[in-house]
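The values are calculated or read from the model by the stated rules, or taken from the named source; none is laboratory data. A quick note: this is a predicted structure, and the numbers were derived from the prediction, not measured. All Cβ positions, glycine included, derive from the backbone under ideal geometry; neighbour counts span all protein chains shown.
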Amino acid sequence: MEIYTFSDATERILAEVRDLEPEIREAAGLIETDRHLPDKLAHSLMHAGVFRMGVPQVYGGAELDPMGQVRVVEELSRIEGSVGWLSMISSAGSFLAAFLQPSVAERLFAPPESVLAGNLRPPQSAEAVDGGYRVSGHFRFGSGCHHATVMACGCIVHRDGKPETTRRGEPNIRVMLVPKSKVTIVDVWHTTGMRGTGSNDYLVENVFVPSEESPSMADPPFCPGPLYRFPQLFLVSHAGVPLGLARSALDFVLDLSTRKEGSPGRGLMREDTNAQETIAWAEAHLAAARCFVYGTLEDLWKSLTKGARPTPRQHANYRLMITYSHQAARQVISTLYDLAATSSIFRSSRLDRDMRDILTACQHRVVHPKMYRPAGRLLLGLSPDEPFF
């Protein structure tokens, strides 16, 4: 069920994603055991444009509107959770291209095989030196580091050994863009779910980063498009992951219900009244979450395209829908997991993967239930009192 008319650029990428579905499904076992994408699949996804959805069109990116980005990630997550997650992470990072000087953005983000990975929180330190910064630190959760070309390193700028603050008295946090060749990957990614994301730690030791390669989304963007007027929008495609995982779980149970027999003499699972009620509830719950996500984004996007600043309620709803979509998907998948009973517990079961993936995805700071608090503060007329909110 589509609830939004997507742009031609979104439809083009979606068509490429659907063409890649057999290749992604065939690689699913390898993705799980190797804990990263096979090189061939990674390159196929690069050329489909799913890692650069936030790159401005002037640099060859899709510059998809927020609804389109969520829809592509949703579709990829339906096919394979780790692939959806990786498209979300790199597309979020690709927004940085709009905050770089054009010559730097062209060099780092224009090539079709350019992929950004990395993490911004908690920030490490970067010492200001002539022409840039010296960066050393142990960074975590480098999703996509296996196939990335650039690693993002969130850092608090230090000058003469002391942390620097902005004019508003806040820590001066910038993103240091470090070539993948200059980092050391530490293999720590042995997890419950999202195993194929390769979200390993990475070490940076005394690397010089030129000033022009250390953007901040607190600065005005070089590209004027509405996609870059609300910096928090780089988080938007998070919402596609849970929607796709929940759809995958529902499709699995719908198919299972046509094959699995219930108690002796009671026919197939689909003839059981409990199964009927549960599946109907799950469809409604997922549809409600999707409507909240896309409705919130369409309302926000209309304001941004008119040049208006988001209202506190729009801002709160934006962050609410990111968190709520994860919580709703976890409830849907957990309920379906119980309904499928022993059919859900084997590693060969798609539902087992969906369950592990949503449990892991829900632990991310951006989507954790504690994000309801700053959203609630906004709704009550207070400041969010949460960095990067």
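Filtering the stretch 345-389 down to residues that are of a type in the set (Ser, Thr, Tyr) and over 25 Å from SER216 (Cβ atoms), which residue is nearest to the chain's Cα centre (by Cα)? Restricting to residues being of a type in the set (Ser, Thr, Tyr) and over 25 Å from SER216 (Cβ atoms), the top hit is THR360. Of all residues in the stretch 34-52, those satisfying the criterion of being part of a loop (DSSP other than H, G, I, E, B) and over 21 Å from THR191 (Cα atoms) are GLY49, VAL50, PHE51, ARG52. Summed over the stretch 156-179, the residues that are under 15 Å from GLY137 (Cβ atoms) and of a type in the set (Lys, Arg) give a count of 1.
For ASN206, the criteria (1) out of contact with any Lys or Arg (no Cβ under 7 Å at 6 or more places or on another chain); (2) in a strand (DSSP E or B); (3) farther than 20 Å from GLY93 by Cα; (4) not aromatic (Phe, Trp, Tyr) hold in every case but one, which is (1). Being aliphatic (A, V, I, L, M), closer than 23 Å to PHE252 by Cα, buried (at least 22 other Cβ atoms within 10 Å of the Cβ) and not assigned by TED's automatic domain parsing to the domain that holds LEU297 is the requirement here; does LEU64 meet it? For LEU64, the condition - aliphatic (A, V, I, L, M), closer than 23 Å to PHE252 by Cα, buried (at least 22 other Cβ atoms within 10 Å of the Cβ) and not assigned by TED's automatic domain parsing to the domain that holds LEU297 - is not met. PRO221 meets the conditions (1) crowded, with 17+ Cβ neighbours inside 10 Å; (2) farther than 13 Å from ALA340 by Cβ; (3) without any contact (Cβ under 8 Å) to a residue 60 or more places away in the chain in every case but one. The failed one is (3). When GLY198 is tested against (1) without any contact (Cβ under 8 Å) to a residue 60 or more places away in the chain; (2) among the small types (Gly, Ala, Ser); (3) under 30 Å from LEU351 (Cα atoms); (4) touching a Cys at 6+ places or on another chain (Cβ under 9 Å), only condition (1) is not met. Among the residues examined, GLU205 does not qualify as modelled with pLDDT under 95 and not assigned by TED's automatic domain parsing to the domain that holds LEU30.
Helices (runs of 4 or more DSSP H) fully within the stretch 54-110 that include at least 1 residues being within 10 Å of the chain's Cα centre (by Cα): 66-79, 81-94. Screening ILE173 against (1) surrounded by 15 or more Cβ atoms within 10 Å (Cβ to Cβ); (2) β-branched (Val, Ile, Thr); (3) modelled with pLDDT under 95; (4) out of contact with any Cys (no Cβ under 9 Å at 6 or more places or on another chain) leaves a single unmet condition, (4).
Select from the stretch 298-350 the residues that are aliphatic (A, V, I, L, M) and in contact with an Asp or Glu (Cβ under 8 Å, 6 or more places away or on another chain) and list them in ascending order. ILE333, ILE345, listed by residue number.
Here is a yes/no grid of residues against (1) under 26 Å from GLN331 (Cα atoms); (2) surrounded by fewer than 17 Cβ atoms within 10 Å (Cβ to Cβ):
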| position | (1), (2) |
| --- | --- |
| GLY225 | no, yes |
| ARG229 | no, no |
| GLN232 | no, yes |
| ASP251 | yes, yes |
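Taken over the stretch 1-51, the criterion of being hydrophobic (A, V, I, L, M, F, W, C), over 24 Å from PHE95 (Cα atoms), surrounded by 14 or more Cβ atoms within 10 Å (Cβ to Cβ) and touching a residue at least 12 places away in the same chain (Cβ under 8 Å) is satisfied by LEU20, ILE24, ALA27, ALA28, ILE31.
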